[in-house]
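*Asks:* Could you have a look at this structure, given as structure tokens, before my questions?
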Protein chains: 2
Amino acid sequence: MKPRHMHLTEDCRAVSDILQRVGDKWTVLVVGKLGEGPMRFNELRTTVGGISQKMLTTTLRGLERDGFVTRTVYPTIPPRVDYELTELGFELLEPVNALGEWARMNTARVKAARARFDAAADAAR
Amino acid sequence: MKPRHMHLTEDCRAVSDILQRVGDKWTVLVVGKLGEGPMRFNELRTTVGGISQKMLTTTLRGLERDGFVTRTVYPTIPPRVDYELTELGFELLEPVNALGEWARMNTARVKAARARFDAAADAAR
DNA sequence: AGTGCTGGTATCCAATGGATACTAGAGCTT
DNA sequence: AAGCTCTAGTATCCATTGGATACCAGCACT
């Protein structure tokens, strides 16, 4: 790692790009669940909770496209589709979990800051 | 409750919440820049590049609300507003930079996966 | 008098998010 | 035999959001 700040625009774009994929409300939850093992479509839907079919499909397609999950179709009746994290997916999970850990430790502070800010905004009105 | 897996829905929500704040396309870039030191509004706008005034304002307000940056107004003419990372902001920067590092190391792999997926999709048509 | 600088709003339109309804195809129920 | 169910999705529609553009105040400079 370099002591110089490598915050060149190009690098930051890449970071932003990945973070947009990862930070779209459902991706983390889905990847988190898949981190525990392969899962079927509806299994994911129920355990994640609150996600619509369309959004789960969209999320999974995106993850598949970027090489984070594999999609395996069993042409049985009724159909069965397994989703599983790839190697790349597991590697991604690591820094994401670090951020997740931070989030768990600091939600209280963020909430407090929000309450302060909102109270000040109300007072100003 | 004594979970072996810490992927409880409640925790994941918190993670998702933070990631949504962090992953909204501009936040990382702005926080990254501010990590190098305090900056003025238009200074940020030009160095980040490609961000509209409205989005920069929105992003900064959100960050301020959540306690990641401070906003200091100097009532001079023309006005001058400095934005600076708080302690909390710097702490956030750490796991975010870890994820950023991962992103920098792996963009090639993601791009390759995308190209593969898109080629397969085209072939299927 | 006009122009520029600053850090913003206001307005409008396109893109996205998400709820709901629908599909196929076989099995089970009645 | 008619209808319901279970699965993994599309299709459709509408609300929310993202983002480009235009406008604003207030003073200094020419």
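The values are calculated or read from the model by the stated rules, or taken from the named source; none is laboratory data. Keep in mind it's a predicted model, so treat the numbers as computed, not measured. Please note: Cβ atoms are built from the backbone with ideal geometry, for glycine as well, and neighbour counts cover all protein chains shown. These accessible areas exclude ligands, DNA and RNA; they are computed on the full protein's heavy atoms, side chains included. Shrake-Rupley method; radii C 1.70, N 1.55, O 1.52, S 1.80 Å.
*Asks:* If each of B:E36 and A:K111 carries a label point 7 Å out from its Cα toward its Cβ, how far apart are those two points in nm?
*Replies:* Here the modelled spin labels are 3.7 nm apart.
*Asks:* Let me ask something else about it. What's the total accessible area buried between chains A and B, using a 1.4 Å probe, rounded to the nearest 100 Å²?
*Replies:* 5000 Å²
*Asks:* So if I place +1 on the C-beta of Lys and Arg and -1 on the C-beta of Asp and Glu, and nothing else carries charge, what would the dipole magnitude of region B:9-124 be about its Cα centre? I want it in debye, nearest 20.
*Replies:* 540 debye
*Asks:* Per DSSP helix of 4 or more residues, -39500 (n - 2.57); summed, then divided by the residues of chain A. What does that give at 222 nm, rounded to the nearest 500?
*Replies:* The helix contribution divided over chain A gives -21500 deg cm²/dmol.
*Asks:* In degrees from 0 to 90, rounded to the nearest 10, what is the angle of the helix B:9-22 Cα long axis to the longest principal axis of chain B?
*Replies:* 60 degrees
*Asks:* Just the number, please: percent antiparallel of the DSSP beta bridges in region A:9-124, rounded to the nearest 5.
*Replies:* So the antiparallel bridges amount to about 100 percent of the total.
*Asks:* Taking a threshold of 25 Å on the Cα-Cα distance, which of the pairs A:K111/B:K111; A:K54/B:K54; A:K33/B:K33; A:K33/A:K54; A:K25/B:K111 fall above it?
*Replies:* A:K111/B:K111; A:K54/B:K54; A:K33/B:K33
*Asks:* A further question follows. Shielding of B:71-82 by partners, i.e. mean partner chain Cβ atoms within 10 Å per residue?
*Replies:* The shielding value for this peptide is 0.
*Asks:* About the Cα centre of the protein assembly as shown, what is the dipole size in debye to 20, counting +1 per Lys and Arg Cβ and -1 per Asp and Glu Cβ, all else neutral?
*Replies:* 600 debye
*Asks:* Using only protein heavy atoms and a 1.4 Å probe, report how much of A:Y74 is accessible, in Å² to the nearest 10.
*Replies:* Taking all protein chains as shown, A:Y74 has close to 90 Å².
*Asks:* While we're on this one: Angle check, please: helix B:53-65 long axis (alpha carbons) against the longest principal axis of chain B (alpha carbons), in degrees 0 to 90, nearest 10.
*Replies:* 90 degrees
*Asks:* Counting partner chain Cβ atoms within 10 Å of every residue's Cβ in B:87-99, what's the average?
*Replies:* Neighbouring Cβ atoms belonging to other protein chains average 4 per residue here.
*Asks:* Now for a separate question. Just the number, please: carbon plus sulfur as a percent of the accessible area of chain B, 1.4 Å probe, no ligands or DNA/RNA counted.
*Replies:* With neighbouring chains kept in place, the figure for chain B is 55 percent.
*Asks:* Using Cα-only point scatterers and the Debye equation, what is log10 of I(q)/I(0) for region A:9-124 at each q in 0.12, 0.14, 0.16, 0.18 Å⁻¹, rounded to two decimals?
*Replies:* -0.55, -0.69, -0.83, -0.97
*Asks:* Work out the mean other chain Cβ neighbour count within 10 Å for the residues of B:19-29 and drop it here as an integer.
*Replies:* What the average comes to for B:19-29 is 6.
*Asks:* For chain A, report the accessible area per residue in Å² (1.4 Å probe, heavy atoms, rounded to an integer).
*Replies:* Using a 1.4 Å probe on heavy atoms only, each residue of chain A averages 56 Å².
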